[in-house]
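The values are calculated or read from the model by the stated rules, or taken from the named source; none is laboratory data. Source: prediction; values computed, not measured. Because the Cβ atoms are built from the backbone with ideal geometry, glycine has one as well, and the counts that use them run over all protein chains shown.
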Amino acid sequence: MEERSKAHLSDVIIFVAVFLLTSSFPFSLIFSDLELVYWLTIACRLAFFPFAFIFLKKRFLPQPSFSRPTKRIWLLSPFLLLCLSNFLVAWIQGLPGLGLSSPVPLLKAALLYFLVAVGEELVFRVVVYSECKKKWPLWKAVLVSSLIFALPHLLNATSWATLGTSALQVLYSFFLGLLLSIIYDVSGNILWAVAFHFLFDFLNGSLASSLFPLPWDASFYLINVLVSVGVSMYFLLVRPILFAKEKPLP
């Protein structure tokens, strides 16, 4: 039993390592053509999926859950405020709108963020979180899997100068990981976690930055922190309902 458990852990480590290699390969250090780098990144992320589904099946690792959600899933709707926090910054600060010369950059960003959401949810929620939940109580599984999800974002640091920015990414990625684990656990359906992850990255990232000249100043971070605190307080209020047993929607 102990040998089987160690083998199972090694399978999870291999799975995560392959994902990190295919998703974080530094093409930009090899090629100067940004268009080529983009499409090589897309190709690598796409190549991961056939490997993932074959590996999960052969090594008996957790499979994605597509259960029918219960009515309590709608209690998670206020979480969407986190996907719109940068728009709130633009509204509060009265930022002027920027004209879009072409929709192509946004479409390319949407494709990349979609693949990011699917890949990361498959790895960190379907496999890592599910394995943690087998070993530990719910909240320890949520915390540990979220930390494992957050730490690889340090790979985004390309120099000592960018290490501080990457450290901030680790912090908000940890918070995002907590939410995504809760969404997956409450809904029982990986599609809800993928959808929230995509909206969070795309709306607050590419779309907001394309529409408004967002200032990365103290007020920007303050507004985002206040939104996060508000959503956290709401979650604490509805937590007993979210984790109560309930029949699926008809």
### Message
Every residue in the stretch 21-48 that is within 13 Å of Leu115 (Cα to Cα) and without any contact (Cβ under 8 Å) to a residue 12 or more places away in the chain, please.
### Response
Trp39, Ala43
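Could you check the stretch 49-79 and list, in sequence order, the residues that are basic (Lys, Arg), surrounded by 13 or more Cβ atoms within 10 Å (Cβ to Cβ) and either within 16 Å of Leu9 (Cα to Cα) or touching a strand residue (DSSP E or B) at 6+ places or on another chain (Cβ under 7 Å) (or both)?
Taking the stretch 49-79 and keeping what is basic (Lys, Arg), we get 57-59, 68, 71-72.
Keeping just the survivors that are surrounded by 13 or more Cβ atoms within 10 Å (Cβ to Cβ) gives 59, 72.
The answer is Arg59, and nothing else.
Residue by residue, here is whether (1) closer than 22 Å to Leu199 by Cα; (2) β-branched (Val, Ile, Thr); (3) more than 20 Å from the chain's Cα centre (by Cα) holds:
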site: Phe55; (1), (2), (3): no, no, yes
site: Arg72; (1), (2), (3): yes, no, yes
site: Leu84; (1), (2), (3): yes, no, no
site: Gln93; (1), (2), (3): no, no, yes
site: Ala109; (1), (2), (3): yes, no, no
site: Tyr113; (1), (2), (3): yes, no, no
site: Val126; (1), (2), (3): yes, yes, no
site: Lys135; (1), (2), (3): no, no, yes
site: Ala141; (1), (2), (3): no, no, no
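From the list Phe31, Phe48, which residue is part of a helix (DSSP H, G or I) and aromatic (Phe, Trp, Tyr)? Reasoning before the result, please.
Values: Phe31 fails: part of a helix (DSSP H, G or I).
That would be Phe48, the only listed residue that is part of a helix (DSSP H, G or I) and aromatic (Phe, Trp, Tyr).
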### Task
Please work out which residue is nearest to Phe243 (Cα to Cα), limiting yourself to the stretch 51-72 and to residues that are in contact (Cβ under 8 Å) with a residue 12 or more places away in the chain and part of a helix (DSSP H, G or I).
Arg72
### Task
From Pro240, Pro213, grab the single residue that is surrounded by fewer than 12 Cβ atoms within 10 Å (Cβ to Cβ) and either at pLDDT below 90 or outside the structural domain of Val142 (by TED's automatic domain parsing) (or both).
Pro240
